[in-house]
Amino acid sequence: MARFTEASIQAVFDKIDAVAVVEDYLRLEKKSGRYWGLCPFHHEKTPSFTVEPDRKFYYCFGCHKGGSIVNFIMEMDKLSFAEAVETLAKRFGVPLVYETGGPRDAAGGNAEALEDLYRRVSRSFHHLLVKKSEGEAAKRYILDRGIGMDTVERFCLGYAPADRSWLYGFLSGKGGFSDSFLASSGLFSRKYPKTAFFSHRLMFPIRDRNSRTLAFGGRILDGEGPKYLNSPDSEIFKKGRTLFALDMALPEIRNTQAVYLAEGYMDVLALHQGGICNAVAPLGTAFTEDQAKLLGRWTRKLYLMLDNDEAGQNAAFKAILCCRKNGIDCEVVNFREYFAKEQEIPKDPAEIFQKFGPEELKKSVKCCILDLDFIISRSRTLNNKDKSRAVTFLFPYLDALDSEINRDTSIGIIADAFGVESRAVREDYHRRGMRPGGGNAEGGGSARSRDFRAGDELTLVTAVFVNPVFFKTLRTGISLEDLEDPRARELFILLEEWYRKTGGGFQDGGLSGASGILNSAASGELLEMVQDKGLQEYILRQEASGAFSSIEKLLSDGITKIKSKVLERRRREIIRELRSPALETLRQGDLLAEKIHIDAELIKLKDRIHVPALDASTVISKEGR
């Protein structure tokens, strides 16, 4: 690899505006000759991070990280020294000279070539949408949704033509790009490298915070196929680390110190069209910790406005945990309450904008509830008959909080909400091994999760997670409510979201039929949605070791064990109620009948697998009433 000359590195360093560089990542205020802000390397409430513009130096008095602005870029963007220098040289217009006089290294050249390619393709798609007859259907769709041409222009929306051979002809001919380069660009089918990945779709350029186009999202206009498709990950693009419209939203995020997180592209367009310009969205996947860290550079306040359906509610819960782990306060926009008088509650911001207009949209996003109130309500919905499980459902939230004061206050709120003693909630929380301060230390969540032990529930759901074609069998045998292990529940929810997204099967842009999560690119995307890094490592470890090769038997036995556990839990509840001296005779008869039925079912389940099971003959004589 060619090296830069010392003189060219010094030229870059001399040109650097340290404050401007750091303000791309966080807000700074000038005090006593220095600029101060909240440190991006650890969670804090009072600024201890400083920048000295003359020395082009940064230092944090809290975590003691410091160095030159080149080091800062290396830390923030995970770049090598050469990549950081090159990034700053581009930013400040400094030509770089190599010691050998040779060309740029191949990796850097390829990344720049990809950026150039995506920029040109974005302009071509945009031209087809606004100037050509082929794009009329896409233009009509966007205008019918209330989105104006000014927004189309600002977001550079486009149209990918139905002819799948057009893009290859255009780029290999006039574009002059080689076949091998185009095949690896993410714009073409892996199996058929001259066939475009996107066809007859409304196109959304996905850009970084500097407005460089890195990838595309495409919405189908008619016909069969996934409703939305995203470019695959590449050298310049990672779904879990990028947010749609961040470049457009960043000025308003900095100005308001707040951000709205919507679910999809059309939601973001509607919000910006309606004057809510600090809105972004994840890219067809769950909100990730990397995305939370990215937003945490500029804000400590996030408003969630995910869809009102089941998948949206599950995604909101996970997004709240991501925010709290990264020191971001979170509230949930409550469209249900605001539109309670309507016959039908609108699903998302795009629908509100289309049906009710921009003014009503602006008012509705101000109707919010605290994240803890949202999770308490969610827990009641999922666990309405089991107070213990309802409280336990909230423990991951407590674990994500970044201070003991916040945790203690939240325990009190939870206790009041479920009519139990704070002491009891606190004892159960600590007894479950959830170490307080999970959001404090760097990597704390991952370190904690590496220590977990996999029980029957996690083993079963992990086996299906790495062999996802068996999920239909799993969801037929058990439900989310049957699972107690929070990690097993997380994997089950992710599989359920994918199952619904792909219309009841893992094809067409979803999970392929390949056995094993390492054998499918889409499955790799699913794996990236797992927020617990220790759990992610466990899944990969089990898959790599071939632990789930006999999936059919493991699936059958696992479902049987969980069914048995659910029945035994219900049996214990019945016995406790039978012991009550105030029990009515009629209710006693119903409970005894239910218990007899459960005992019979347990005997059947016991015969299916050779595991210790409850002796159904041990009835009232031993346990009493």
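The values are calculated or read from the model by the stated rules, or taken from the named source; none is laboratory data. The model shown is predicted, which means the values in this text are computed figures rather than measured ones. All Cβ positions, glycine included, derive from the backbone under ideal geometry; neighbour counts span all protein chains shown. Ligands, DNA and RNA are excluded from the accessible area calculation, which covers all protein heavy atoms including side chains. Shrake-Rupley method; radii C 1.70, N 1.55, O 1.52, S 1.80 Å.
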Kindly establish whether Leu250 is out of contact with any helix residue (DSSP H, G or I) (no Cβ under 9 Å at 6 or more places or on another chain) and open to solvent by less than 20 Å² (accessible area, probe 1.4 Å).
-> yes
Among (1) touching a residue at least 40 places away in the same chain (Cβ under 8 Å); (2) assigned to a loop (DSSP other than H, G, I, E, B), Ala215 falls short only on (2)
Considering region 316-338, residues that are closer than 16 Å to Leu302 by Cβ and either of a type in the set (Asp, Glu) or at pLDDT below 90 (or both), and then whichever is most open to solvent (accessible area, probe 1.4 Å), we arrive at Asp329
Note on Ala84: of the conditions (1) part of a helix (DSSP H, G or I); (2) without any contact (Cβ under 8 Å) to a residue 24 or more places away in the chain; (3) open to solvent by 60 Å² or more (accessible area, probe 1.4 Å), unmet is (3)
Verdict on Thr476 being under 17 Å from Lys565 (Cβ atoms), assigned to a helix (DSSP H, G or I) and polar (S, T, N, Q): no
Being open to solvent by 10 Å² or more (accessible area, probe 1.4 Å), farther than 30 Å from Asp24 by Cα, touching a strand residue (DSSP E or B) at 6+ places or on another chain (Cβ under 7 Å) and modelled with pLDDT of 95 or more narrows Arg207, Arg219 down to just Arg219
Of the listed residues (Leu494, Leu480), the one being closer than 17 Å to Gln536 by Cβ and open to solvent by less than 30 Å² (accessible area, probe 1.4 Å) is Leu494
Of the candidates Glu342, Glu289, the one satisfying the condition of being open to solvent by 10 Å² or more (accessible area, probe 1.4 Å) and without any contact (Cβ under 8 Å) to a residue 12 or more places away in the chain is Glu342
| Can you find even one residue in region 420-437 that is part of a helix (DSSP H, G or I), at pLDDT below 90 and either among the basic types (Lys, Arg) or over 27 Å from the mean Cα position of the chain (by Cα) (or both)? | yes
Of the listed residues (Phe41, Phe72), the one being open to solvent by less than 30 Å² (accessible area, probe 1.4 Å) and assigned to a loop (DSSP other than H, G, I, E, B) is Phe41
With criteria (1) in contact (Cβ under 8 Å) with a residue 24 or more places away in the chain; (2) of a type outside the set (A, V, I, L, M, F, W, C); (3) closer than 30 Å to Glu331 by Cβ; (4) open to solvent by 20 Å² or more (accessible area, probe 1.4 Å), Asp163 comes up short on (3)
Going through (1) in a loop (DSSP other than H, G, I, E, B); (2) of a type in the set (Ser, Thr, Tyr); (3) open to solvent by 60 Å² or more (accessible area, probe 1.4 Å) one by one, Ser199 fails only at (3)
Against the condition part of a loop (DSSP other than H, G, I, E, B), touching a helix residue (DSSP H, G or I) at 6+ places or on another chain (Cβ under 7 Å) and either at pLDDT 95 or above or closer than 26 Å to Leu243 by Cβ (or both), how does Ile147 come out, does it pass?
yes
request  = Can you confirm whether region 246-258 contains a residue that is assigned to a helix (DSSP H, G or I), under 19 Å from the mean Cα position of the chain (by Cα), under 12 Å from Leu283 (Cβ atoms) and at pLDDT 90 or above?
outcome  = yes
Note: among Arg209, Arg190, just one is in a loop (DSSP other than H, G, I, E, B) and within 22 Å of the chain's Cα centre (by Cα), namely Arg209
Taking region 370-419 and keeping only residues that are in a loop (DSSP other than H, G, I, E, B) and closer than 24 Å to Glu337 by Cβ, one is left with Asn383, Asn384, Phe393, Leu394, Gly419
When region 108-147 is checked residue by residue, the ones that are within 15 Å of Tyr265 (Cα to Cα) and surrounded by fewer than 15 Cβ atoms within 10 Å (Cβ to Cβ) are Leu143
